[in-house]
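Below: the structure, in structure tokens.
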Amino acid sequence: MAKIIVVTSGKGGVGKTTSSAAISTGLALRGHKTVVIDFDVGLRNLDLIMGCERRVVYDFVNVINKEASLKQALIKDKRTDGLFILPASQTRDKDALTHEGVEAVLDELAKDFDYIICDSPAGIEQGAQMALYFAEEAIVVTNPEVSSVRDSDRILGILQSKSRMAEQGKAVKEHLLLTRYNPTRVASAEMLSVADVEEILAIPLLGVIPESEAVLKASNQGAPVILDTESQAGQAYEDAVSRLLGDEVEHRFLEQTQKGFFKRLLGGK
Amino acid sequence: MADPCFQIKGTSVTSMVLDLYHYQGEEFASALHQKVQSAPLFFTGSPLYINLASFNGELSKPELQEIIKHCQSLGFQLFGCKGGSEPQAKLAKDLGLVHLPASRARPDKTEPSPEPEPAPVASPEPEAISRPTRIIERPVRSGQQIYAEGSDLILLAQVSEGAEVIADGNIHAYGPLRGRALAGVRDNPNARIFCQHLEAELVSIAGHFVLNDTLRERCWKQPAQVFLQDDSIEIAAL
Ligand SMILES: Nc1ncnc2c1ncn2[C@@H]1O[C@H](COP(=O)(O)OP(=O)(O)OP(=O)(O)O)[C@@H](O)[C@H]1O
Ligand SMILES: [Mg+2]
């Protein structure tokens, strides 16, 4: 049986799609058959980040409306074995997803896959609620600033009250993924620290992804940043995947790097 | 015999009651607004009736229309009027409100009474019912509201900023209390709030409240209790 994990945040633009792409790639790299679904109907972003936009023929909504089979709509990732993408449609309206339709697709996917990653749209309304409804676990993507933390808190409330698990009297397993973390700006108190965010949200920390140019580069190339094993962001996502799989890994990249003396001495930037 | 298509039973509905003492448009509107601001989630959408038992003077049709408008625009579901004079009862009915007869004969009041209006209960003798304490083990998150009706409320995890916890009895918070906490909301001045970590946006006892800026000066982020003394909120270290 597949494990269904939603990547959600409330606030927009915090790194849900970047994280969905990286984490699903990471899971597949470790040998877990994984599918990542774009729930952001109308925007369609995941396929760009995954670099498969030109191969989209059918989408999630087509499958729900029975205009295409799941097999036709699933895109096999070119770079990573055991990874599939179910793209969102760009044109349809937001009401295209129904509980029954989504459930049927998830049930069918659950037969074949180990992990189903749901990339949620922003907000706390219908679209986001649809993406999280069937989830057993949630990765709550948060930026270290007050409005993002507040939205994450709200989405946690929704997870524990409006999901299927909640309706069954169970709890959705929560993970905090702090992204776009900039230790320099934390040090100058422009941003909240890891400890601040942990204190407010009080859920287990899955990972801290530093703010990194590698992310932009990766999305321009259509290759999830986790494949950039040289980059800090890529490594931080690696660690997060390990923790998701139950390993205990120490958190990295939380401190300001010693800009300066040695690097300057060695001519680095 | 055919299946009955309905059944009528007696029931009691929980609603809020607004005891109106006198009416001045502006004052009423701003006081009501302030009240709702103190706990938006609690008040919004609540069924409400207006109790005229302690109302002084006359109420004109435009005035009642204004009251209805104010209540509705703040999100109350105003459904009726209770008590009042014959003409007031007629006015209420003319404006589409339900008119409820006044409670059992009570002495005519000439000034606003602090005595609580009993909640509308079906039994003629309102008796003190104590319900089991409500215990919440998970965090109460922003946008969520917990109401312990007729009982105490125990919160084992945190209450986030933007959340509301409300009880007819006392509130006990063992995690950080960062949201709004309202105890004794059905006019119980003896209710208290006990917390391990006071960081609330607002605390209220029986309708009296203080905000975050006042709280910051007293026991902020410390264990504390909140209670009412001579109609004013007191905060003391635990
Ligand atoms: N760690 C990071 N460092 C630098 N930039 C980042 C990082 N994570 C995400 N970004 C950038 O932030 C922007 C938003 O990222 P992304 O699309 O993943 O967010 P999202 O939460 O899915 O947005 P939406 O709510 O619109 O779906 C992108 O431009 C992305 O490149
Ligand atoms: Mg996105």
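The values are calculated or read from the model by the stated rules, or taken from the named source; none is laboratory data. The structure displayed is predicted, hence computed values, not measured ones. Here the Cβ positions follow ideal geometry from the backbone for every residue, glycine too, while neighbour counts run over all protein chains shown. For accessibility, only protein heavy atoms count, side chains too; no ligands or nucleic acids. Shrake-Rupley method; radii C 1.70, N 1.55, O 1.52, S 1.80 Å.
Here are the numbers for this structure:
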read-out	value
At most 15 other Cβ within 10 Å, DSSP loop - trypsin sites (Lys or Arg not before Pro), the range A:148-239	A:LYS170
Accessible surface buried upon A-B contact (total; probe 1.4 Å; Å², nearest 100)	900
Stretch gain in nm, segment B:CYS5-B:TYR21, where the contour uses 0.36 nm per residue and the Cα spacing is subtracted	1.4 nm
Debye intensity ratio I(q)/I(0), log10, the protein assembly as shown, q values 0.09, 0.11, 0.12 Å⁻¹ (C-alpha model)	-0.78, -1.00, -1.08
Karplus-derived 3J(HN,Hα), 6.51/-1.76/1.60, for each residue of the range B:170-180, Hz, glycine and proline x	8, 10, 10, 10, 8, x, x, 9, 10, x, 10
Portion, in percent, of the accessible area of the range A:1-129 that falls on carbon or sulfur, probe 1.4 Å	47
Kirkwood Rh in Å, taken over all unlike Cα pairs in chain A	18.7
Choice from A:LYS78, A:LYS16, A:LYS33 with maximal GNM fluctuation in chain A (Cα, 10 Å cutoff)	A:LYS78
Pairwise label distance in nanometres, B:ALA102 with B:ILE135, each label 7 Å out on the Cα-Cβ vector	4.6
Amide proton proximity set for B:GLN158, modelled H, under 5 Å, gap of 5+	B:VAL140
Relative contact order (%) - the range A:49-151, alpha-carbon pairs under 8 angstrom, separation at least six	18
Under 5 Å, built H, 5+ apart or other chain: amide partners of A:VAL36	A:PHE84, A:ILE85, A:LEU86, A:ILE117
Centroid-to-centroid separation of the range B:40-81 and the range B:200-228 [C-alpha atoms, Å]	29
At 0.890 mPa s and 25 °C, Stokes diffusion of the range A:69-193 via Kirkwood alpha-carbon radius, µm² per second	148
At least 50 Å² of accessible area lost relative to the chain alone, listed for the range A:123-160 with a 1.4 Å probe	A:ARG150, A:ASP153
Between the range A:50-109 and the range A:156-232, the Cα center-to-center distance that results, in Å	25
Whole-number percent relative contact order across chain B, with pairs defined as alpha carbons under 8 Å at least 6 apart	11
FRET E, pair A:SER242, B:GLN72, Förster distance 45 Å, beta-carbon r, rounded to 0.05	0.25
Shape of the range B:120-238, Cα gyration tensor, a/c cut at 1.5	oblate
Shape of the range B:3-86, Cα gyration tensor, a/c cut at 1.5	oblate
Quarter of Cα convex hull surface for chain B, i.e. mean projection, nm²	16.2
